[in-house]
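Before any comments, here is the structure.
Read the figures in this text as sums done on the coordinates, not as results from a lab. None of these values were measured; they are calculated from a predicted model. Cβ sites come from the backbone with ideal geometry, for glycine too, and all protein chains shown count toward neighbours.
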Amino acid sequence: VIALAALHADRVMFALGADPERIAWGIGLAKETRRKAGLDPEGIAFGAYVNCGCHRDTGKARDLVRGALTTFARFSVMHGKIAGPVSSGDEAVLNSLRENYDMRAHTRGDSRQAGVLTPDFIERFAVVGTPDRVVAKLRGLAGLGLDKVAITGSLRGVPESDAAESKRLLETDVLGAVRVIA
């Protein structure tokens, strides 16, 4: 899909998580595909869909993105083969996610599939933490060559007060600081 988009679109939007290694892989694949086709490898823009939980309590920030992250992470493994580079630990989480995915609990933070996501996996595949940490990670992604980020916050199955706090922090402390890529 990345190669096809690189040949025919003016922008590739990745659903690879927020792991810099995976984003760099996607960008590299798109540019190499363009090079091989005789197209300018710099003649395309890049963006990403990222799950973002912003909270002063990092554990709550992680829990806020669990449900939405299961949906996005599932794209990387839903056909039985993992797309892009992952560690052996992340491979195990992705395979467990695929095996445990229940569409009746799609996007729910309190679902069986959300329970298989480890804290370390969430830290790599999502943008989570305090406002300063979220800004730093988003800027890091921009530094890889992304000029657009579509942020998905918490969805269903999370405490409403925590979701509201995350939304408030994103609006007041994060978005203005990363406006150049939003």
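Take each of the peptides 64-76, 158-170, average the number of other beta-carbon atoms within 10 Å over its residues, and list them starting from the highest.
Values: 64-76: 24.0, 158-170: 16.0.
Result, highest mean first: 64-76, 158-170.
How many percent of the alpha carbon pairs in the range 76-182 exceed a separation of 16 Å?
66 percent
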ask   = Based solely on its DSSP helices, what 222 nm [θ] is calculated for the chain when runs of n ≥ 4 H residues each add -39,500 (n - 2.57) and the sum is averaged over all residues, nearest 500 deg cm²/dmol?
value = -15000 deg cm²/dmol
task = State the Kirkwood hydrodynamic radius of the range 1-158 in Å, one decimal place, computed from all pairs of distinct Cα atoms.
result = 15.9 Å
remark   = Taking Cα atoms, the helix 131-143 axis meets the longest principal axis of the chain at an angle in degrees (rounded to 10) of 10 degrees
message = Under the rule of at least 5 residues apart or a separate chain, name every residue whose amide H is placed under 5 Å from the amide H of N51.
response = V127, T152
query = Hey, how much of the P(r) for the range 45-98 falls beyond 19 Å, as a percent of Cα pairs?
reply = 38 percent
note = Rounded to the nearest 10 degrees, the helix 88-100 long axis (Cα) sits at an angle to the longest Cα principal axis of the chain of 70 degrees
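Could you sort out which of K36/K81; K60/K137; K60/K167 sit more than 19 Å apart by Cα distance in this structure? All intermediate terms of the calculation are to be shown ahead of the outcome.
Working: K36/K81 25 Å; K60/K137 17 Å; K60/K167 13 Å.
In this structure, K36/K81 lie more than 19 Å apart at Cα.
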query = Among 124-131, 26-33, 103-110, what's the highest-first ranking by average C-beta atoms within 10 angstrom per residue?
reply = 124-131, 26-33, 103-110
request  = Take the chain, connect every pair of alpha-carbon atoms lying under 10 Å apart with a spring to form a Gaussian network, then pick out the residue of L16, L39, L146 with the largest mean-square fluctuation.
outcome  = L39
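At a threshold of 8 angstrom on Cα-Cα distance, excluding pairs fewer than six apart, so keeping six or more, what relative contact order does the range 1-130 reach in percent?
Here the relative contact order equals 31 percent.
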request  = Run the dipole for the range 1-68 about the Cα centre, Lys and Arg Cβ at +1, Asp and Glu Cβ at -1, nothing else charged, and hand back the magnitude in debye, nearest 20.
outcome  = 120 debye
message = Could you work out the relative contact order of the range 114-182? I mean the mean sequence separation of Cα pairs under 8 Å and 6+ apart, divided by the number of residues, in percent.
response = 42 percent
